[in-house]
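For reference, the structure is listed below as structure tokens.
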Amino acid sequence: MQPYDYIEIRVPAKAQYIGVARLTISGLASRLGFTYDEIEDLKIASSEAITNAVQHAYKDDEEGEVVVGCALYEEKLEIMVADRGKSFNFEETKKLVGPYNEKEEVQFLREGGLGLYLMETLMDDVKVHHEEGVTVFMTKYLGGERGDEDVERTISS
């Protein structure tokens, strides 16, 4: 038995469907217990990834779709956004995706503008893979970045 629930949706690569994917991710994050602010971060980061796929993956006359896969663990949400419309084996694709490297990803960064910067800022981990399209893999830990539980928090009065 796998240690997570997996949900995958496919939407046409059209701007009007970005909100559908965003709402799906928002609902899943809420179900896991993410805070309002964390859900907003997830929505912004996933919107950036999906918008990049919608705007840049297909030529103007080409029909396409974006695949959004979500793995729900007890302590985190992992989101994959892939263009070129191919469904993926979550575990196998996860192994192929490497860390975002600014020097290697310059073209992608230019295409997405501030998108990758926002994804990196709002998510705990972001990886990008280029092969038959682009796959963006993002992770958000429940209650903050992994390791935060070891940090003693103080409240000033």
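The values are calculated or read from the model by the stated rules, or taken from the named source; none is laboratory data. These numbers were taken from a predicted model, which means no experiment stands behind them. FYI the Cβ positions are ideal-geometry reconstructions off the backbone, even for glycines, and counts take in every protein chain you see.
This table checks each residue for (1) under 18 Å from residue 115 (Cβ atoms); (2) surrounded by 13 or more Cβ atoms within 10 Å (Cβ to Cβ).
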site	(1), (2)
9	no, yes
24	no, yes
46	yes, yes
49	yes, yes
59	no, no
68	yes, yes
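Among the residues that make up region 142-155, is at least one of them farther than 21 Å from residue 68 by Cβ, of a type in the set (A, V, I, L, M) and modelled with pLDDT under 70? Show your work before the answer.
Taking region 142-155 as the starting set, the residues that turn out to be farther than 21 Å from residue 68 by Cβ are 143-155.
This time we only want the ones that are of a type in the set (A, V, I, L, M), so: 151, 155.
In the following step, the residues that additionally are modelled with pLDDT under 70 were identified as 151, 155.
Yes, there is a match, as at least one residue in region 142-155 is farther than 21 Å from residue 68 by Cβ, of a type in the set (A, V, I, L, M) and modelled with pLDDT under 70.
Tally up the residues in region 62-74 that are assigned to a loop (DSSP other than H, G, I, E, B) and at pLDDT below 95, please. Step through it out loud before you land on a result.
Taking region 62-74 as the starting set, the residues that turn out to be assigned to a loop (DSSP other than H, G, I, E, B) are 62-64, 73-74.
From what's left, at pLDDT below 95: 62-64, 74.
The total comes to 4.
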